[in-house]
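The values are calculated or read from the model by the stated rules, or taken from the named source; none is laboratory data. Not measured: the values here are computed from a predicted model. Cβ: placed from backbone, ideal geometry, glycine included. Neighbour counts: every protein chain shown. Remember, those area values only see protein heavy atoms, side chains included, never the ligands or the DNA or RNA. Shrake-Rupley method; radii C 1.70, N 1.55, O 1.52, S 1.80 Å.
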Amino acid sequence: MTPHSAPQARGVALFDVDGTLVDTNYLHTLTWWMALRQHGHTVPMARIHRAVGMGADRLLDAVLGTERSHDEDAAVADAHGTLYATWFDSLAPLDGAAELLRATAARGWRIVLASSASEEEVAAVRARLDADDVIDTATSSADVTATKPAPDLVRAALDKMGAEPEDAVLVGDTVWDVESAGRAGVPCIGLLTGGTTRRELEDAGAVVVHDDPLTLLRHLDSGPLARPPR
């Protein structure tokens, strides 16, 4: 029996995927920009990047405004998904990502990939991570109706593991991750790999912020993931 599945361990480590474990945030920015242009919307990439990490519905609200017609939202989201899928074979895990998952599992945590991406996107990044030996489960857009920064994704991840908020820690890269975790009562470790600043993550409520997965790995035993609750 591996340490991460030991019956006495109830701690659950939730890992956001895009921008946290796999270097995808700027690919999402680019493909949303292209999808929006296909439907007649020219939006600065900087504005799109600020919204990456939200679900598609909230991202479109953020970049196009809430007073618009929503008739074409599904088509824009589908276009983004099609464009992003062309990058599946090029997706690159961030340095130390798989090692971080394995080291966290070895300390007794159960590992959940907490993503609101499509099932196809989650499968693609899992394949590139090559760490399924320590991943207990994963979420996708099929598991939630309200997307980040709503707490639904975090709660869905906890429900899959039969865990409570006090059992969990989330690792994420955007203020939307931090806010979603906070609304679910779960502390969040922030990473700078998604392009959000340290100050922004701290102001959103991150309990600690590291540069990247490799830096978090090096400091694992001095932070919230040192050992799970028993």
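A few notes on this one:
- Rolling a 1.4 Å probe over the protein heavy atoms gives the chain an accessible area of 44 Å² per residue.
- Hull shadow area, averaged, the range 9-85 [alpha-carbon convex hull, nm²]: 6.2 nm²
- GNM flexibility winner over the chain from 79, 46, 204 (Cα, springs under 10 Å): 46
- Carbon + sulfur, % of accessible area of the range 89-160 - ligands and nucleic acids excluded, 1.4 Å: 41 percent
- The mean sequence separation of alpha-carbon pairs under 8 Å and at least six residues apart, normalised by the residue count of the range 119-230, gives a relative contact order of 18 percent.
- Acute angle (nearest 10 degrees) that the helix 25-38 long axis makes with the longest principal axis of the chain, alpha-carbon atoms: 20 degrees
- Local electrostatic count, residue 180, Cβ distance below 14 Å [Lys/Arg +1, Asp/Glu -1]: -3
- Within the chain, DSSP assigns beta bridges of which about 5% are antiparallel (rounded to the nearest 5).
- Between the range 112-164 and the range 34-78, the C-alpha centres lie 23 angstrom from each other.
- The heavy atoms of residue 70 present about 90 square angstrom of accessible area, all protein chains included, probe 1.4 Å.
- When the Gaussian network model of the chain links Cα atoms closer than 10 Å, the mean-square fluctuations of 142, 150, 131 top out at 142.
- For Kirkwood radius over Cα pairs in Å, computed directly from the structure shown, the correct entry in (1) 17.6; (2) 18.7; (3) 20.4 is (1).
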